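Worksheet: the structure to be examined is printed underneath.
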Amino acid sequence: MTSQVSLDSRASERPKLLILMLRPLVALLLSAPVIVLLLSIETTSRPVSDQQFSPQELSRIESLLLESTPQTPGNASMQQLQFDADELNLLLRYAVNVMNLSSQWAATTQLNESAMGMQLSLRLSQGPLPLFLNVEANLLEQDKQLKLQALKIGRIRIPDRFLQFTLQRFQANLAAGNLAYTDFIELINNVKSVNLSQDHMTVALQWDPKLIGRIGNHAQQLFISEQDQQRIIDYYQIITNIAAAVPIDIRAVSINAFLVPLFAAAREKSLGGSDPIAENRTAFQTLAIYLNKESIGQLIGDETARDIPPAPFIEVRLQRRQDLAQHLVSIAAITASAGADLAQMLSTTKEAYDARYRSGFSFSDLTANSVGLAMAQLSTRDERTARAMQERLANLGSESDYMPEVGNNRDGLSESAFNAMYTDSSSPEYQRRMAEIQTLINSKPLFAGLL
């Protein structure tokens, strides 16, 4: 009897013993995510970069973009790009800045023989104790491509097998029915070689303009919501109606023939409770598509655009020039979508490209660009100014309400002629000329009291 009681007692103690043994293990498992998080978060940022750019840095970025652009972007060709570490970091800083991420993100790269190191930092808090998530990656040159060899998050190094498994699963999930990812993989496959040294990274790639265009469209569509898609469809219908109402014997119309009714509609939508900034942004985007004879599918996707008839085309001019209207609206659309900094950079780079390869540098084009930039920047700055711009654009009297006369500009400057006069876009002479143009724009009635 005693023996039976003893056995029963030991049997009843086994679950208790098991619980005592499992409790630390369960606690460890439950606290593992917290431990990992604490080991990942640090109080200092490893990569630190200045957010402001000097005129010399902006001029250098312009030169790098120009040197990276094919002479004939519309044709397929082999391109070779070469950057040193300082240039890579300058472009990286600029990319973070134009995406409005510079207050939270910082990134830097280091070049070594056949290897590249990258550091990325995300600021998690703005309080008295700043917290950062720091990531370090090491990429190796293998088979003329870059391969991720190691990844470290905070003080935790990700095990190699787990890293490779995660990458494979991530790629497999993205590839399933994702056209954007398919195009991105095709772009990667177009990279024929990557060579790394202590001094430079050299990349040889096959330039495919159709592929680049598709990737650009995918990227643009990521930032267009379903509500914005409907707005674009609405404005495209207004454009269709405007163009259809133009008598067949009229070859071209002023840009005001489109700006006035589009922004009258934007004003009415805003009075009905819609977001005036979103209305103005999508109005510029849609008009740019029309003036440049592009498909609305670039903004809303080909599938959505399939049932929308193309608007009848009528030539649109500014100061009797089609190219000036295209410049103004294209830069306005870029400004409204991606910000003034990127629009300004693309504007000056385009003129530098024209000076090197095409019709020459044009201050008339830059004036139209600057007007478009100011028009879109004010139209999307804040709700009050957006509404004020709707009212003013809906009541335009003439093109001189916003556009300085450009007939006296000296245009068609070759690269050598431009350099002889201004050296580059960071020179005092060039900055003075651009300040004169901006003063003329600021004096126009459309912008009075708002700039």
Across 5 Å bins beginning at 0, the whole-percent shares of Cα-Cα pair distances in the stretch 55-207 come to 2, 8, 12, 16, 20, 21, 13, 6, 3, 1, 0
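Could you work out the helix-only [θ] at 222 nm for the chain, with each DSSP H run of four or more residues adding -39,500 (n - 2.57) and the total divided by the number of residues, to the nearest 500 deg cm²/dmol? The partial results should precede the final answer.
Details: 17 runs with 254 residues, N = 451.
Roughly -18500 deg cm²/dmol at 222 nm, from the helical runs in the chain.
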Applying the gyration tensor rule to the Cα atoms of the stretch 212-299 (axes a ≥ b ≥ c; rounded if a/c under 1.5, else prolate if a/b exceeds b/c, else oblate), the class is oblate
Here, residue 307 and residue 144, labelled 7 Å along Cα→Cβ, have an inter-label distance in nm of 4.8 nm
Per the rule of 0.36 nm per residue minus the C-alpha distance, extending residue 99 to residue 250 adds in nm 50.1 nm
Rounded to the nearest 10 degrees, the helix 340-357 long axis (Cα) sits at an angle to the longest Cα principal axis of the chain of 60 degrees
Ranked output for segments 364-372, 401-409 by mean other Cβ atoms within 10 Å, highest leading, reads 364-372, 401-409
So, for the Cα atoms of the stretch 223-447, Rg and Dmax in Å stand at 17.6, 55
Note: residue 450 to residue 82 extended length (0.36 nm per residue) minus current alpha-carbon separation gives 128.2 nm
Taking Cα atoms only, helix 383-393 is inclined relative to the longest principal axis of the chain by an angle, in degrees rounded to 10, of 20 degrees
Output for the stretch 183-253: trypsin sites (Lys or Arg not before Pro) sitting in coil per DSSP, at most 15 other Cβ within 10 Å, listed by number, reads 251
With the 8 Å Cα cutoff and a minimum separation of six or more residues, the stretch 129-256 has a relative contact order in percent of 15 percent
For residue 381, the residues 5 or more places away or on another chain with a placed amide H closer than 5 Å to its own amide H are 386
Excluding near-sequence neighbours (fewer than 8 apart on one chain), the chain holds lysine pairs with C-alpha atoms under 30 Å apart numbering 15
In nanometres, the difference between 0.36 nm per residue of separation and the alpha-carbon distance of residue 225 and residue 166 is 18.3 nm
Check: C-alpha center the stretch 354-394 vs C-alpha center the stretch 291-313, spacing in Å is 23 Å
Taking max minus min of the Cα coordinates of the chain on each principal axis, largest first, gives extents in Å of 115, 56, 45
Once normalised by the length of the chain, the mean sequence separation of its alpha carbon contacts under 8 Å that are 6 or more apart gives a contact order in percent of 13 percent
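Coordinate-derived values only; no laboratory data. Only a predicted model underlies this, so the values are computations on that prediction, with no experimental measurement involved. Neighbour counts run over all protein chains shown; Cβ positions are idealised from the backbone, glycine included.
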